[in-house]
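Visitor: Here you go, one structure.
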Amino acid sequence: MSPTTPAAARVGRRRIEPWALGGAVLLALLLLFSVLPMAWMLATSVKTQFAAVQYPPEWFPRHPTLEQYYRLLSPANEVGREFLGYLLNSLWVSTATTVLGVVVGVPAAYAFSRFRFPGRHLLFYAVLVRNMFPAVVFLMPLFIMMRWMGLVNTHASLILTYLTFGLPLSIWLLKGFYDNIPVQLEQAARIDGASRFKAFLLVVMPLSAPGIIATAIYSFITAWNEYVYALTFLNDKSRLTLPVGLQRFFTEFASNWPGLMAASFIMSVPVVVLFLVLQKWFVKALTEGAVKS
Amino acid sequence: MSHSGGHSEMDRRTFLAGAAGAAVAGLAGQALAQGSKTGIDAATWTPQHIASIAGTAEYDTAAECAKIVPLNHSGRLTYWYFGPTQASPQIEHELDAQFWDAFGKLYPNIKVTKQNLSYNEMLDKLRTAALGKAAPMVARLPILWGVEFAAKGQLREFGPPDVGYTADEFWPGALKSVTWKGKTYGVPTNNETMALIWNAGLFRDAGLDPESPPATWDDVVAYSRRIKEKTGKNGYGMVARVNAGNTPFRFMPQLWAYGGGALDEAEAAPTYKTIYVNNTGSRAALQASYDMYVRDKSVPISALTNTQVENQDPFIAGNLGMMIAHPAEYAVMVERARKATGDDRKTADAVVSNMRYGLMPKGTARRAVVFGGSNAHVFRPDLVDGGLDLGAAKAIIAFATGPEWSTKMAWVGSNPGNLRGFRTKWMKQRLEQIKFLNVTTSMLPYGIPFPVLPQSAEIMNIVIPNMMQNALTKKMTVAEATDDAAKKIKDLLGDL
Amino acid sequence: MATSDAVAARERPVATPPAASRPRPGGVLARVIRHRADYLYVLPALGVMALVIAYPVYFTVYLSFFNTPPNLALEDKIFVGLGNYGRILAAESFHEATRNTLVWTVFSTLFAFVLGFGAALALDRELFGRGVLRGTLLVPYVISAVAAAYVWRWLYHSDFGVIGALLVALGLTDGPINILDHRSRVMPALIVVNVWKEFPFAMIMMMAGLQTVPDQLLRAAQVDGASAWQRFWHVTVPHLKGVSLVTVLLLLVTNLNSFTIPWIMTGGGPAGASEIWITHVYQLAFGRIRFGLASAYSVILFVVMMAMGWIYVRALTRGEDRSPG
């Protein structure tokens, strides 16, 4: 996949380079660092509540049980229904945010890349700088504003807010992409008679597909994992998204650690799978779109 | 409908004079002075008396409600409360369902939208909702919370007469908690006090008398240490988490028992103007906690982040000696034991059979417990999401605070706010079914409500736990921590 | 497009602009009108941003000049001018939170960057299963902060946590140790969690950066007899300056803003030992209903972030203007 062949690899054929060994050790340690907490999460989630609070802890669950997963995912019982509800809500909010993010961000990035309108630098940096503001600070004013717009306790308030989280990075990424696509391609299309918009749609968009996919992934994952705003804007139990639902659920009986771990695991699965499957595009987009010098 | 079956008219009148702020000279004895907070004399409100009045009266809920709001009233109702959670025993879920079912049958034309929120998040949500004009019509709030909304002018004036009841049907302490600047802003639904729970088996293993609880708080410290030394298990289930209601409910009785407090709320006629948190009594109380956490290490290390729920697992696993909890805790433990399997089941069952309830420990000054409970409030019409349907609000409150349902809804964890409830057949049933109910109800006269001020929530949930943490982490000495808390309370009361 | 693709693609397409956008003399207003169609492309994005940002910023600044009255009603707020700012800057809790925030931000960023860079370097070779490795290492970045906070809280639990148990098993301590409830251990513990979550991001960015190091230079240096370290220091590192800067800045900003992990794991405790700016503001605004103070606090944070943003933007601009290679 990489265009350059790392020089070190060729040298390594003659003897084991200390750097290569060091690198391998580091990778191994990092792998353990990354994976072990998740492994423990999994192990805890299949223990019984009693087994989980043993000291010293059971390294391998003696009597593994899937009761927590069953409880969370089965529509037959109340807990399961609630949890599935949270799951669906998260899916809806994340998908809507992603789709809207693409629809709104792509034209904007294109404009920032191609057009020479006045104030474009200022606006571009304003969009980026938004990233700097601590999310929590806007909670109260935004809540009042949502109330004024009649959006309290609706998913629309979240989708609107999440759009502003994802837009800066999306626009920045995509702009980088568009900067890399030679304008001559569009000009060729326009010479052939296509309007500017059509040229954009038929020539440029397909080429920026990796960037769009990266944007979509980023938006989705951000919306899926977001916590503070969902906590404040949503009251109704039936509307909660997973992160908030997870927390609410378990402050009420904070000692059900296996249940908490099981819920955390279930919550992580969609985004991890999504990301692993599509990581190629994400990395490619970051490479081509973000790295300039 | 007098509730004061065994009391003399003299006591009642004397109490009323006291409650009006007049001097309480002439009331003799500590118990009586404490009893004046609730209008009931601790000496006569004994388990025997409670048993004797139970099941002696019948009330017709439908008729009483119909007098206030016709049964065919048509409208809508929005209602927020903190109801049964995953940690609640099954019977609470059942009764909650029955409540709404019965209300629906009584008033079929009122469309009900209810929200069951968790204790720790309800306050923030309600504050934001009221601010954003998205409040519910009626909210059933813990006893500490109503005054904040009343002080902000966000509640509609509403009292027992609005639903056809009289003031003497409720605990005076409860009524005090719904009064702000002389006006009434709610109706008590239920009241409870906590008790000390211990594991007789662990006591036995530690060489302590399994059937008697520590009599004083100093004894609690000593017992805790003994249990840790002899059995290696933690003694007292301390709770010192910031921003959690559990903490003040367990620590304030300690403060009050030693003669301290946040303000003068434990005194017979409190003015809520004098700061007590750094007096000798308060310091002694904090020192006791310090001794347990730092010196003896006889309490869970995670006490600083624990809520009461995190004491339940160790307790049922036989790893915790004592804790302060609700009357409901027994039912919770029984259910937990039911869910256990294999070896765990044996341990759990043993714990359940060893579970004992006793009175809250005494201190040098008094025996005290937090007078807890809930009240039903009505929000100001212009703040309510969609406007206020007064008829529906009156209907639900009349229904919920009447003797029948205030008893049923308080089944596992509390007691009827409406004192007539103590005479119903359901009370009798409860006394028969619920182990230790006689102990917890007899604590009621020792109940002290938190200061009835809007700043109370912050004092109790933030300043006091922070004071505990400052001392327990040794960031400050006990004296410094209490002085720091005193300064914060002074600032709070002065300006914000 | 005769020279390498990279060079040509980075050139601004000003060679033959379509007639409509060729710069023409005229005032700003004239140019705005001329480009009015272009604005349509950015209008939705800007509209959303303006709505969700402009009003809250205005409202926050406005509120920062007021105080919450004892009855906690927003309508009765008391004007205090710059009083709130004074109170905050003088408060000991602010100083403590500032110290904590500095420690939190600097160390999280430092370790995340170093680990990420190391991982990128280690992966920058044709390894078997490289994709899988990289994917696995990315998992912490992708899972929700809420889930991560709970998992680590369970790992660190003072009474039942596996980390405590491991330390005992390895003979390092006698009994379960107090991590999250201990004033001096809680910050390092939280930083570990943050680094765990952030380092994959640094890894990805640096991997992308490493791809742009020209192969010819490395080969040339090797032919000249340079050792692996010399090649690294003199060829690779200079090429990574831009990416490193951007990565570090992004990490700094993210860490300054990071709320979920500290909040769920400790809520600022015990006794304020893990209180950072963000959790402090939240507690002030929602726990203690001090909107005026919280707003003033937020404005102070804005100013700090704006300063950072300015540096960030300058770094990017310099990156753009510098010629490639």
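Bear in mind that the values in this text are calculations on the coordinates, not laboratory data. Quick caveat, the model's predicted, so the values are computed rather than measured. We place every Cβ from the backbone using ideal geometry, glycine too, and count neighbours over all the protein chains shown.
Visitor: Give me the distance between the Cα centres of region A:53-123 and region C:79-102, rounded to whole Å.
Guide: Region A:53-123 and region C:79-102 have Cα centres separated by 36 Å.
Visitor: Classify region B:109-200: rounded, prolate or oblate, from the alpha-carbon gyration tensor (a ≥ b ≥ c, eigenvalue square roots; a/c under 1.5 rounded; otherwise prolate if a/b is larger than b/c)?
Guide: On the way: a/c = 1.59, a/b = 1.16, b/c = 1.37.
Oblate, because a/c is 1.5 or more while a/b does not exceed b/c.
Visitor: Taking B:Lys490 as the anchor, which lysines have their alpha carbon closer than 17 Å to its alpha carbon, excluding any fewer than eight residues away along the same chain?
Guide: Leaving aside lysines fewer than 8 places away in the same chain, those within reach of B:Lys490 are B:Lys273.
Visitor: Next question, about the same structure. Could you name the lysines whose alpha carbon sits less than 16 Å from that of B:Lys176, not counting residues in the same chain fewer than 8 places away?
Guide: B:Lys37
Visitor: Give me, ordered by chain and number, the residues 5 or more places off B:Thr216 or on other chains with an amide H under 5 Å from its own placed amide H.
Guide: B:Lys362
Visitor: Using a ≥ b ≥ c from the Cα gyration tensor of the protein assembly as shown (square roots of the eigenvalues), is it rounded, prolate or oblate, where a/c under 1.5 gives rounded and otherwise the larger of a/b and b/c decides, a/b for prolate?
Guide: On the way: a/c = 2.23, a/b = 1.70, b/c = 1.31.
In terms of gyration-tensor shape, prolate.
Visitor: Quick check: the distance between the Cα centres of region B:304-329 and region C:253-280, to the nearest angstrom?
Guide: Their Cα centres are 27 Å away from one another.
Visitor: Here's a follow-up. So if each residue of separation counts as 0.36 nm, and I subtract the Cα-Cα distance between A:Ala194 and A:Val273, what length gain in nm does that give?
Guide: Working: separation 79, 0.36 × 79 = 28.44 nm, distance 3.97 nm.
The A:Ala194-A:Val273 span can extend by a further 24.5 nm.
Visitor: State to the nearest 20 debye the size of the charge dipole of chain B about its Cα centre, where the only charges are +1 on K and R beta carbons and -1 on D and E beta carbons. Show your work: numbers first, answer last.
Guide: Details: 52 positive and 47 negative charges, 56 e Å.
That gives chain B a dipole magnitude of about 260 debye.
Visitor: Hey, with R₀ at 25 Å, roughly what FRET efficiency would A:Leu91 and A:Tyr70 work out to, going by the Cβ-Cβ distance, to 0.05?
Guide: Numbers: r = 21 Å, r/R0 = 0.84.
Computed FRET efficiency for A:Leu91 and A:Tyr70: 0.75.
Visitor: Could I ask something else about it? At B:Lys111 and B:Ala63, where each label point lies 7 Å from the Cα along Cα→Cβ, what is the point-to-point distance in nanometres?
Guide: 3.4 nm
Visitor: Also, I was wondering about something else. Between region B:330-398 and region B:166-191, what's the alpha-carbon centroid distance in Å?
Guide: So the separation of the two Cα centres works out to 19 Å.
Visitor: Which lysines, if any, have their Cα less than 17 Å from the Cα of B:Lys152, not counting same-chain residues under 8 positions apart?
Guide: B:Lys125, B:Lys133, B:Lys181, B:Lys183, C:Lys77
Visitor: At 222 nm, what value in deg cm²/dmol follows for chain B if DSSP H runs of at least 4 each add -39500 (n - 2.57) and the sum is divided by all its residues, to the nearest 500?
Guide: Details: 21 runs with 212 residues, N = 496.
Calculated mean residue ellipticity at 222 nm is -12500 deg cm²/dmol.
Visitor: Could you give me the ³J(HN,Hα) list for region B:105-118, computed from phi with Karplus coefficients 6.51, -1.76, 1.60 and θ = phi - 60°, whole Hz, x at Gly and Pro?
Guide: Those phi angles translate into 6, 6, 10, x, 9, 9, 8, 9, 10, 10, 10, 9, 9, 7 Hz.
Visitor: Would you mind classifying region C:64-321 by shape? Square roots of the alpha carbon gyration tensor eigenvalues, ordered a ≥ b ≥ c; an a/c under 1.5 is rounded, otherwise it is prolate if a/b is larger than b/c and oblate if not. Walk me through the numbers before you get to the answer.
Guide: Numbers: a/c = 2.87, a/b = 1.49, b/c = 1.92.
The shape class here is oblate.
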